[in-house]
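Working notes, structure below.
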Amino acid sequence: MPNARRQGRTLPELLVVMTVSGVLFALLSAAFLGHSRLVAGTTAIAEARGQTRQAQQIVPAVLASAAPSAADLYVVRDTLVEFGYAIGTGVVCLAGTSSQLMLAPDSIASGQQLASWTHPPRPGDLAYIYDPGALPGASDDRWWTAALGGLVWVPNGCSGSPLVDPVRDVGHRARAVSIAAWIGPPATVIPQGAIVRFTRRLRVLVYNSSGKDYLGLSDWDPVLARWSVLQPASGPYDAIPGTPGIQFRLTDSLGIVLPSGTSPPGAALLEMFVRTRSATSVRIPGMPPGFRAESLTANIALRNR
Amino acid sequence: MWYRRRVRQLSRHVGFSLLETLVAIVLFTAVLLALLSTGQFILARLYESDLRFRASVYSQSLLDSLRATACARLTSSTGAKAPFSASWAVTDLLDVARLDVAVSGPQRSTTVARSYNASTLVSCPEP
């Protein structure tokens with residue numbers, strides 16, 4: 001009987017336990033709810049900020065080599081920057097004619113790199129050929145500009161050039177590049193050792209999809225005579241009717257805003273305005289509930305000096 | 001005999017008393033609440049990270065604006081863009097100008113200041 005008397009709990013004991021447990025459960029539930037809202041909110045904010053950062057990184061990176069003074073910047077509008085994107089550099093291994101140039105192999109037996117590419121050249125790309133002239137100094141230096149025609153690999157194409165070793169570089173492959181058209185006056189002779197810079201027409205474009213703005217990249221395919229399929233680069237950005245989520249604006253070296261459209265050579269700075277908004281409504285304790293808007297202005301100096 | 005005595009001892013200790021369970025629940029809840037109350041810490045880190053990013057973009061933008069400015073118009077000066085203040089110095093090194101930008105602003109929601117510096121050289125041929 002004494003054992004039986006000790007089994008179970010009294011009603012007040014159970015009530016106390018249930019009350020304490022209930023209070024603790026309520027506290028925990030509130031804390032969990034607040035925490036889950038915090039996690040969801042910070043994630044939404046971080047994603048929106050991440051898109052801002054993406055735009056801030058991508059646009060300066062692709063524009064790094066574009067020089068308005070070299071006519072690399074073609075068109076700038078509030079949602080479009082069209083320019084010559086540097087795809088690589090090479091060296092002319094043998095003096096060329098006005099219709100063809102021979103590029104040294106990308107690397108030679110000594111390990112020296114004579115060409116560097118982010119994208120291999122193709123017909124339609126532009127070549128800027130540096131002619132150092134006959135005089136010392138830069139007084140007679142100039143750049144020739146040409147549109148590329150066909151490109152073929154030529155075994156031992158640079159034989160006889162001082163850039164390749166006649167023994168160790170036997171069997172090397174050189175790129176023979178035909179000139180489709182000269183932009184401006186044609187070069188009469190392309191000097192041996194001339195540095196060649198190659199660019200491809202590229203668009204950084206803000207486009208709208210499902211009511212949101214995105215940043216995309218597309219390059220010009222001269223063979224098919226059309227822009228390549230737009231490659232999404234970052235987004236979404238906050239599109240307000242009449243005001244895109246990303247806007248571009250050009251100014252000159254005096255800070256004067258240049259008219260939208262075809263780029264004048266005096267462009268010195270590209271201003272970029274980016275606006276993002278959290279994908280979901282944010283409810284973080286201590287912050288006003290609602291969609292969180294973020295904006296950023298970044299200035300990108302264009303290569304002119 | 002010894003076996004039955006051991007079983008009796010063990011049976012007396014099986015399970016937990018109500019008080020023990022209650023104390024365990026309270027402790028467990030306290031620990032969970034402490035863990036869940038890291039929200040302010042997370043928010044502070046988020047704010048701080050955003051401040052750092054904005055300060056670096058601001059200093060880089062200032063530097064790019066200076067790089068894009070005509071040499072004749074390059075001068076040392078100050079500026080501000082909430083919550084940051086900035087100063088920049090232009091040093092003439094004959095055919096080159098050295099540009100130094102310093103941006104300072106709060107490190108967190110408190111007023112602890114932090115500065116961000118950026119420098120570059122630009123070609124400015126002497127006339």
Would you point out the residue of the stretch A:60-89, among those that are within 12 Å of chain B (Cβ to nearest Cβ) and within 10 Å of the chain's Cα centre (by Cα), that is nearest to A:I240 (Cα to Cα)? A:P60
Would you call A:G150 at pLDDT below 90, farther than 30 Å from A:A279 by Cβ and not assigned by TED's automatic domain parsing to the domain that holds A:A66? yes
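Quick check on the stretch A:248-263: of everything there that is in a strand (DSSP E or B) and among the hydroxyl-bearing types (S, T, Y), which residue is nearest to the other protein chains (Cβ to nearest Cβ)?
A:T251
Matching residues to (1) within 11 Å of another protein chain (Cβ to nearest Cβ); (2) farther than 30 Å from A:P285 by Cβ; (3) at pLDDT 90 or above; (4) touching a helix residue (DSSP H, G or I) at 6+ places or on another chain (Cβ under 8 Å):
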{"position": "B:G15", "(1), (2), (3), (4)": "no, yes, no, no"}
{"position": "B:L22", "(1), (2), (3), (4)": "yes, no, no, yes"}
{"position": "B:A34", "(1), (2), (3), (4)": "yes, no, no, no"}
{"position": "B:R54", "(1), (2), (3), (4)": "yes, no, no, no"}
{"position": "B:P83", "(1), (2), (3), (4)": "no, no, no, yes"}
{"position": "B:S87", "(1), (2), (3), (4)": "no, yes, yes, no"}
{"position": "B:V90", "(1), (2), (3), (4)": "no, yes, yes, yes"}
{"position": "B:V101", "(1), (2), (3), (4)": "no, yes, yes, yes"}
Being surrounded by 14 or more Cβ atoms within 10 Å (Cβ to Cβ) and assigned by TED's automatic domain parsing to the domain that holds A:R249 is true for just one of A:A104, A:A71. Which residue is that? A:A71
Where A:L14 falls short, out of the listed (1) more than 30 Å from B:L35 (Cα to Cα); (2) at pLDDT below 85: (1)
Please pick out the residue among A:A31, A:A44 that is facing another protein chain (nearest Cβ under 9 Å), among the small types (G, A, S) and either in a helix (DSSP H, G or I) or over 30 Å from A:R142 (Cα atoms) (or both). A:A31
From A:I300, A:I284, which residue is surrounded by 15 or more Cβ atoms within 10 Å (Cβ to Cβ), within 10 Å of another protein chain (Cβ to nearest Cβ) and not in a strand (DSSP E or B)? A:I284
Taking A:V229, is it closer than 22 Å to A:F291 by Cβ and touching a strand residue (DSSP E or B) at 6+ places or on another chain (Cβ under 9 Å)? no
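The values are calculated or read from the model by the stated rules, or taken from the named source; none is laboratory data. The model shown is predicted, which means the values in this text are computed figures rather than measured ones. Neighbour counts are summed over all protein chains in view; Cβ atoms, including those assigned to glycine, are modelled from backbone coordinates with ideal geometry.
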